[in-house]
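The values are calculated or read from the model by the stated rules, or taken from the named source; none is laboratory data. What you see is a predicted model; the values in this text were computed from it and never measured. Virtual Cβ from ideal backbone geometry, glycine too; neighbours counted across all protein chains shown.
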Amino acid sequence: MYLLIVTLPLPGSFVAGAFGRFPGSRGTATITTMCVSLSCIFPLIAFYEVALGASVCYIKIASWIISEMFDAFRGSLSDSLTVVMLIVVTFVSSLVHLYPISHMSEDPHSSRFMCYLSIPTFFMPMPVTGDNSIQLFLGWEGVGPALYLSINFWFTRLQANKAAIKAMPVNRVGDFGLAPGIMGGFTLFQTVDFSTIFARASAFSEPNHFFVFCNMRFHAITVICILPLIGAVGKSAQIGLHTWLPDVMEGPTPVSASIHAATTVTAGVFMIARCPPLFEYPPNALIVVTPVGAMTPFFAATTGILQNDLKRVIAYSICSQSGYMIFACGISNYSVSVFHLMNHAFLKASPFLSAGPVIHAMSDEQDMRKMGGLASLLPFTYAMMLIGSLSPIGFPFLTGFYSKDVILEPAYTKYTISGNSAFWLGSVSVFFTSYHFFRLLFLTFLAPTNSFKQDMLRCHDAPILMAIPLICLAFGSISVGHLAKDMMIGLGTNFWANSVFISPKNEILAESEFATPTIIKLIPILFSTLGAFVAYNVNFIANEFIFALKTTSFGNGLYCFLNKRWFFDKVFNDFIVRSFLRFGYEVSFKALDKGAIEILGPYGISYTFGELAKQISKLQSGFVYHYAFAMLIGLTIFITIIGLWDFLSFWVDNRLYFIYTVTFSFINLEGDIRTN
């Protein structure tokens, strides 16, 4: 059963990709949806056995890589953390597979799309169930090509090509951190098995264990934590390596929901939540994790307030929520981070899939400024979007309320500089998140329409196959947080057992629910209410004031700064991408490919010997005494070298004779070529 959870999506993807023309678009959609839906049933059984029954399941499948000291077995580890992630991945993916049966019905390549959509559902459970870092890395890398294929599904669109090409190198930068981290872990612990590494982590936390790089010493276990953090920053789109996330909107809507809610974006958070023994012992690792996670919600929320693309606004909200998860790990609140990840899967897939009927109704238009007045035309979609928008901002008694506030309150009760700064950045981000979600609702559904009349006449609400996933996700956005709160993060719960470890020195001194002052508890809800109020006034009442503000130099600069996403793309393009392109052309292409490799490669060698043969042929005069004289000179030089061998060896290394001979030959050859 545990192995079927991982392998079931693969046959559906293979059938859709290889034989999709025979069953047709509806047939391939049915096959892939059935495979993913079956893989969704088994995690529920595993959840009852592993989490509720407190029975961790470890399956040692087979030997995989064995080489002297290196020993990696293919195994499956199912603990509470694993089964929660499997439920999230398979349940949301099954709904996302059901959605495009109607959404992509008119696309002639829907079979290929269903094949691509099943690939991340196959690769994501691999790192989740993996019991060693090699297996985690294999699944981690598998999600990357799935990301590329899904974004570039409409490969005839230039922007889709650019987005897919951009996503790959940015994720490779993160993988460049994860791979050395795994190597460093093997160097330090002499194993890649998680259980062994976690058991020995405390023994290597002293400062006398270090790596030496460029004649500098680095604390070994701190390095092993910081390098995978770079991978998590790339995969979960944290500030600095986030630029690929908004461009995913160029792919189909179900792709955006799958990548953001269930698979790629959650991979980095899961990796940190899987390795708390490593992050708990070094003193500086969590100090780095916290500010990275705290700055991401602030950046994403402030950027999202001035974006006009419907799906891009939701994407920046997802970037913001993943930042909350990371900084929850940074304050040693791993269980709350995973709880918010589970809630996030519902409350982010819901607005993404709700955006599909809106885009269809507007003839594939995604600019919110060209919409408006859709609440009366699309009442069901408006209700689903409203629920999916209220939950992320922490509206009371919805799913996001139970996890977001529980992230912010422990940050305040840490009573450290990093904890307090994370609390205030996260609270201010609630204001901007509330603003851009209510701005989305106002411009799309409630404001006077700016749409074309023919679009308004043709628009219709979501059909039944699109409505079923939206209803399920809306139910999750309303009730999952309330139903699972006490079980997962309640006071004294033993739900996570040994799957989540917190060092005693990093434990929160008191339960945040009782230690946090009332005014601090009210700050998030006050900020979310203020964001809604400001959004209403800016978009309905104070239009003249906002126009006057934007025309000032300060307002124009601020608008440009936020609308251009803090100029991250410009900085990367001007200072990094162009430098690499210039290096690739001037050095790699001209100097190496067309220069050194052609001279020293097969072409250069053949040309050199050809010219040498021509020069030698000129020495053949046809007279015997010329040949006899050349043989006499050669023999004399040979006897001289043999006789003075000991003397010459004292002054010149014998190994340099060949180099000297080749060098003089090339110099003479070059002189002859220039003469000719």
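With hydroxyl-bearing (Ser, Thr, Tyr) and farther than 26 Å from Ser503 by Cα as the only criterion, which of Thr196, Thr191, Thr187, Thr156 stands out?
When all the criteria are applied, what remains is Thr156.
When the residues of the range 1-50 are filtered to those that are under 20 Å from Met126 (Cα atoms) and among the aromatic types (Phe, Trp, Tyr), which remaining residue is surrounded by the most Cβ atoms within 10 Å (Cβ to Cβ)?
Step by step, filter the range 1-50, then rank; the result is Tyr2.
Mind telling me which of the residues Ser332, Ser363, Ser354 ends up being more than 29 Å from Ser80 (Cβ to Cβ), outside any helix (DSSP H, G or I) and among the small types (Gly, Ala, Ser)?
Within the list Ser332, Ser363, Ser354, the selection yields Ser363.
Please specify each residue of the range 598-620 satisfying the condition of being in a helix (DSSP H, G or I), within 30 Å of Ser588 (Cα to Cα) and small (Gly, Ala, Ser).
Gly604, Ser606, Gly610
Determine if the range 545-556 includes at least one residue that is surrounded by 12 or more Cβ atoms within 10 Å (Cβ to Cβ), in the same structural domain as Ile239 (by TED's automatic domain parsing) and touching a Phe, Trp or Tyr at 6+ places or on another chain (Cβ under 6 Å).
yes
Is there a residue being modelled with pLDDT under 80, in the same structural domain as Ser205 (by TED's automatic domain parsing) and assigned to a loop (DSSP other than H, G, I, E, B) anywhere in the range 415-432?
yes
Filter the range 177-222 down to the residues that are touching a Gly at 6+ places or on another chain (Cβ under 8 Å), farther than 26 Å from Lys60 by Cα and touching a residue at least 40 places away in the same chain (Cβ under 8 Å) and list them by number.
Gly177
Could you tell me which of the residues Thr191, Thr222, Thr156 is surrounded by 20 or more Cβ atoms within 10 Å (Cβ to Cβ) and of a type in the set (Ser, Thr, Tyr)?
Going through Thr191, Thr222, Thr156 in turn, just one is surrounded by 20 or more Cβ atoms within 10 Å (Cβ to Cβ) and of a type in the set (Ser, Thr, Tyr): Thr222.
Taking the stated definitions as given, is Ile520 part of a helix (DSSP H, G or I), β-branched (Val, Ile, Thr), assigned by TED's automatic domain parsing to the domain that holds Glu365 and modelled with pLDDT of 85 or more?
For Ile520, the condition - part of a helix (DSSP H, G or I), β-branched (Val, Ile, Thr), assigned by TED's automatic domain parsing to the domain that holds Glu365 and modelled with pLDDT of 85 or more - is not met.
Could you list, in sequence order, all residues of the range 151-207 that are closer than 30 Å to Glu106 by Cβ and polar (S, T, N, Q)?
Asn152, Thr156, Gln159, Asn161
Taking the range 391-404, which residues are in a helix (DSSP H, G or I) and within 25 Å of the chain's Cα centre (by Cα)?
Thr399, Gly400, Ser403, Lys404
Yes/no matrix, rows are residues, columns are (1) among the charged types (D, E, K, R); (2) farther than 19 Å from Leu465 by Cβ; (3) modelled with pLDDT of 85 or more; (4) assigned to a helix (DSSP H, G or I):
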position	(1), (2), (3), (4)
Arg74	yes, yes, no, no
Met85	no, yes, yes, yes
Val89	no, yes, yes, yes
Ser94	no, no, yes, yes
Ile119	no, yes, yes, yes
Gly144	no, yes, no, yes
Leu147	no, yes, no, yes
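Residues in the range 9-29: is at least one touching a His at 6+ places or on another chain (Cβ under 9 Å), of a type in the set (Ser, Thr, Tyr) and assigned to a helix (DSSP H, G or I)?
yes
With respect to Phe623, determine if the residue is modelled with pLDDT of 80 or more, more than 30 Å from Val406 (Cα to Cα) and outside the structural domain of Phe395 (by TED's automatic domain parsing).
Spelling it out, it is not the case that Phe623 is modelled with pLDDT of 80 or more, more than 30 Å from Val406 (Cα to Cα) and outside the structural domain of Phe395 (by TED's automatic domain parsing).
Mind listing whichever residues of the range 255-309 are hydroxyl-bearing (Ser, Thr, Tyr) and buried (at least 24 other Cβ atoms within 10 Å of the Cβ)?
If the condition is that a residue be hydroxyl-bearing (Ser, Thr, Tyr) and buried (at least 24 other Cβ atoms within 10 Å of the Cβ), then Ser256, Ser258, Thr263, Thr264, Thr266, Thr290, Thr296, Thr303 are the ones that fit.
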